[in-house]
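*Asks:* Starting off with a structure, shown below.
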Amino acid sequence: IDILVNNAGITRDGFLKKMTPEDWYAVINTNMNSVFNVTRQVIEGMGERGWGRVINISSGGGSQPTPQAAAYCAAKAGVIVYMRSLAKELAPHGILVNGISPGLVDTGFDPLPEEIKVLHANSLPLKRLGQPEDMTPGYVFLASDESLFATGNAYSIDGGMTI
C-alpha cells in the first residue's frame, strides 16, 4: 500500500448527560482509533520504499465544534492532532501525512433532516452543501507527487464553514 485514505466516521449526537459510555466509545473507536489501527499496518512498507501518503479525513467539527456532538468533535480533533504528530515522525522516511476536513457533504446517506441541511447550507459563505466531487481535487493532490512539500496539514474543504 502506497496511499492510505483513512475515512471512517459515525456520530451519536446528543446531550452529553444522555450519552452512554457505549455510544462514546463507539464514536471514538470508529472515528479515531481506527486511524491508528489501519495506519500502523502500512507505514513499515511505506518506509521501506521511502514513499507513502497517509490522508486522514477529519471534519470541520474537529476544529470548530458544535453542540451535542462532543464525542464526534473530540474524535475528529484527535485525528488532526494525530496526523500532525505522525507527519513529523514519518517525514524523514518519505511518508507524507495530511488530512482533509470536509464540511457537511451531501452524500445521500446523511440522516439529517432536510431543513437542517438547508439551514447549514445557508450559513455557509458558498451557500451550498459540499458534493462528493468537491472533495476529489484535494484527495488527488495529497496522493500525488505534486504534494511533495506538504505534510502535517489539515486542508479545510468546507464551503467556508471554518473561516
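The values are calculated or read from the model by the stated rules, or taken from the named source; none is laboratory data. Computed from a predicted structure; not experimentally measured. Don't worry about glycine lacking a Cβ; one is built from the backbone with ideal geometry, like all the others, and counts go over all protein chains shown.
*Asks:* Quick one: THR136 ticks every box in (1) under 13 Å from ILE57 (Cα atoms); (2) touching a residue at least 24 places away in the same chain (Cβ under 8 Å); (3) of a type outside the set (D, E, K, R) bar one, so which box is it?
*Replies:* Among (1) under 13 Å from ILE57 (Cα atoms); (2) touching a residue at least 24 places away in the same chain (Cβ under 8 Å); (3) of a type outside the set (D, E, K, R), the lone unmet condition for THR136 is (2).
*Asks:* Where the second residue is modelled with pLDDT of 95 or more and the first is on the phi > 0 side of the Ramachandran plot and lies in segment 89-106, which pairs have Cβ atoms under 7 Å and are six or more apart or on separate chains?
*Replies:* Note: pairs meeting the criteria are GLY94/GLY50; GLY94/TRP51; GLY94/GLY52.
*Asks:* For segment 53-163, please list each of the helices (runs of 4 or more DSSP H) lying entirely inside it that holds at least 3 residues being touching a helix residue (DSSP H, G or I) at 6+ places or on another chain (Cβ under 7 Å) and either within 30 Å of LEU16 (Cβ to Cβ) or among the hydroxyl-bearing types (Ser, Thr, Tyr) (or both).
*Replies:* So the answer is 70-90.
*Asks:* Something else: Can you report the number of residues in segment 58-89 which are in contact with a strand residue (DSSP E or B) (Cβ under 6 Å, 6 or more places away or on another chain) and either surrounded by fewer than 18 Cβ atoms within 10 Å (Cβ to Cβ) or modelled with pLDDT of 95 or more (or both)?
*Replies:* 5
*Asks:* Follow-up. Could you figure out which of (1) modelled with pLDDT under 95; (2) buried (at least 17 other Cβ atoms within 10 Å of the Cβ); (3) more than 15 Å from ILE55 (Cβ to Cβ) isn't true of PRO111?
*Replies:* Failed condition: (2).
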